[in-house]
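The values are calculated or read from the model by the stated rules, or taken from the named source; none is laboratory data. Remember, it's a predicted structure, so these values are computed and weren't measured experimentally. As a convention, Cβ positions derive from the backbone with ideal geometry for all residues, glycine included, and neighbour counts pool all protein chains shown. Remember, those area values only see protein heavy atoms, side chains included, never the ligands or the DNA or RNA. Shrake-Rupley method; radii C 1.70, N 1.55, O 1.52, S 1.80 Å.
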Amino acid sequence: GGCARIPFVIGIDRYFPPAFARLHPRWGTPHLAILVQGFACTVFVVALQAGESLRVGYQLLVDMTVIVYFIPFLYMFGAAWKYGRKWSASMGMVVTIVSIAVSLIPPGDVRSVWLFEVKLLAGCTVLIVTARMMFKFALRRRYAPS
């Protein structure tokens, strides 16, 4: 339930559709956020687990999380570089790029390296494209003529 608060708050800020910001009338929970997040997680777990062992499926989820989580850090360190913090920005960039690169290495007991990489990159792409679409949706709503 705690993780469902994030889409709920994003709905309040109007980056997600307003339905995400509604609370259940009886229980006061962000029910739509919980349902959508549960559905999305189920789809990801089933898709990433297909044809793999439990360990490899879990590793795919962890690697995908690391990659998607660290992409904004590249932007942050790029901004630091632009504003004169070249040493700290370059060290941050190196550590972030190494972390992303290490996440692309499949575990030893993977059945197909190519399938692992395709699943990993496809999962990251789905998350990034979905986030971009939601951001574009919010911008259109915010700057639409009233």
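A simple rule links phi to the HN-Hα coupling: the Karplus curve 6.51 cos²θ - 1.76 cosθ + 1.60 with θ = phi - 60°, which for region 96-106 gives 5, 5, 5, 4, 5, 5, 5, 5, 7, 7, x Hz, with x for Gly and Pro. Karplus-derived 3J(HN,Hα) values for region 12-20, using 6.51 cos²θ - 1.76 cosθ + 1.60 with θ = phi - 60°, are 5, 6, 6, 8, 9, x, x, 4, 5 Hz; glycine and proline are entered as x. Compute a Gaussian network model of the chain, connecting alpha carbons closer than 10 Å, and tell me which residue from L120, L74, L60 fluctuates the most. Between L120, L74, L60, it is L74 that shows the largest mean-square fluctuation. Largest GNM mean-square fluctuation across F116, F39, F16, computed for the chain with C-alpha springs under 10 Å, falls on F39. Accessible surface for the chain, divided over its residues, is 69 Å² per residue with a 1.4 Å probe.
Cα gyration tensor of region 86-146, axes a ≥ b ≥ c as square roots of the eigenvalues: rounded (a/c below 1.5), prolate (a/b > b/c) or oblate?
Working: a/c = 6.73, a/b = 1.48, b/c = 4.53.
Oblate.
For R85, no residue whose modelled amide H falls within less than 5 Å of its own remains once neighbours fewer than 5 places apart on the same chain are excluded. Karplus-based coupling profile of region 76-89, in residue order and whole Hz: 5, 6, x, 5, 4, 4, 4, 9, x, 8, 5, 5, 5, 5, with θ = phi - 60° in 6.51 cos²θ - 1.76 cosθ + 1.60 and x standing for Gly or Pro.
Calculated mean residue ellipticity at 222 nm for the chain: -25000 deg cm²/dmol, from DSSP H runs with n ≥ 4 weighted as -39500 (n - 2.57), summed, divided by the residue count and rounded to 500. Averaging 1/r over each pair of different alpha-carbon atoms in the chain and inverting the result gives 17.6 Å, the Kirkwood hydrodynamic radius.
Under unit Cβ charges (Lys, Arg +1; Asp, Glu -1), what dipole magnitude, rounded to 20 debye, does region 1-71 have relative to its Cα centre? Don't skip to the end; give the middle numbers.
Details: 5 positive and 3 negative charges, 65 e Å.
Approximately 320 debye in magnitude.
Here the chain exposes an accessible surface that is 73 percent carbon and sulfur, computed with a 1.4 Å probe and the other protein chains kept in place.
For region 30-105, the spread of Cα positions along the three principal axes, ordered from largest to smallest, is 45, 34, 11 Å.
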